[in-house]
Amino acid sequence: GLTVGTFHAICLGLVPPRPFISRAQALETVKTLLDEHGERLSPAEALRLLSLYKNGLRKRTPAVSALPAWLPDAYDSRLGELGLRDLDGLMLEALEVDVSGRRGFTCLLVDEFQDINPVQHALIAHWSKAGQSLFVIGDPDQAIYGFRGADAACFDRLRADMPSLETVRLTCNYRCAPDILRRAQLCISHNPGPAR
């Protein structure tokens, strides 16, 4: 009765089956679209910007402004014509699926919460809306996937979304020697967030 997996694996189980576009096909598709519109952006850069765009990083990543405004819809339309999907679009498709009443979403647990991007945050909110509880585990000082859209401020956004949220801090470390903990504290003491 459990639903266990990565965001992509869970999303894949929610949407109708459709093959994924390969990197080579995606580059060729984007190149064709760019050529049709007389754009000079390289296909590889356009795909990189499309990925950032689809992962909800329009506001946080100024480079996304170089993406032609027409390209996301044109690209998705072309994927539809080809009967394909891309990995980033998979999560956006899953946001449209009603999961209310599905047993696997009654009690939601998210590990490594500090590694989520904006679309994954939206998925968590969507999936937990009809459920009974949400439990997230993470450490803002371990948010190292900024290049993929992760942001330690996700904890603050969750608190804003769920004002009645209860926070439990684990303050004892039994795995590291005191000297390692002291040195680690020096490294993270400048990080934003609650007092450490």
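The values are calculated or read from the model by the stated rules, or taken from the named source; none is laboratory data. Keep in mind the model is a prediction, meaning the values are calculated, not measured. Neighbour counts run over all protein chains shown; Cβ positions are idealised from the backbone, glycine included. Accessible surface is based on the protein model in full, side chains and every heavy atom, while ligands, DNA and RNA are left aside. Shrake-Rupley method; radii C 1.70, N 1.55, O 1.52, S 1.80 Å.
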FRET efficiency, 1/(1 + (r/R0)^6) with R0 41 Å, evaluated for Ala69 and Asp141 via beta carbons
0.65
Considering only protein heavy atoms and a probe of 1.4 Å, how much of the accessible area of the chain is carbon and sulfur, as a whole percent?
56 percent
Indicate the gyration tensor shape class of region 1-122 (rounded, prolate or oblate), computed on the Cα atoms with a ≥ b ≥ c the square roots of the eigenvalues: a/c under 1.5 is rounded; otherwise a/b larger than b/c is prolate and the rest oblate.
prolate
Might you report the magnitude of the Cβ-based charge dipole of region 144-196 about its Cα centre, with Lys and Arg at +1 and Asp and Glu at -1, to the nearest 20 debye?
200 debye
So, over other residues within a Cβ distance under 10 Å of Arg85, counting Lys, Arg +1 and Asp, Glu -1, the net charge is -3
Could I have the simple spin-label model distance between Ala160 and Ser133, label points 7 Å from Cα toward Cβ, reported in nm to one decimal?
2.7 nm
For region 157-196 and region 72-90, what is the separation of their C-alpha centers, rounded to whole Å?
40 Å
Can you tell me the accessible area per residue over the chain, all protein chains present, probe 1.4 angstrom, in square angstrom?
63 Å²
Given labels modelled 7 Å from the Cα in the Cβ direction, how far is it in nm from Arg169 to Leu186?
2.3 nm
Stretch gain in nm, segment Glu45-Ala177, where the contour uses 0.36 nm per residue and the Cα spacing is subtracted:
43.0 nm
Local net charge near Tyr53, Cβ-Cβ under 14 Å (Lys/Arg +1, Asp/Glu -1)
+1
Simple spin-label estimate for Leu82 and Leu27 in nanometres, 7 Å along Cα-Cβ
1.3 nm
Please report, in debye to the nearest 20, how large the charge dipole of the chain is about its Cα centre when each Lys and Arg carries +1 at its beta carbon and each Asp and Glu carries -1 there.
500 debye
Let me check against my output: what whole-number percent is the relative contact order of the chain, with C-alpha pairs under 8 Å and at least 6 apart?
19 percent
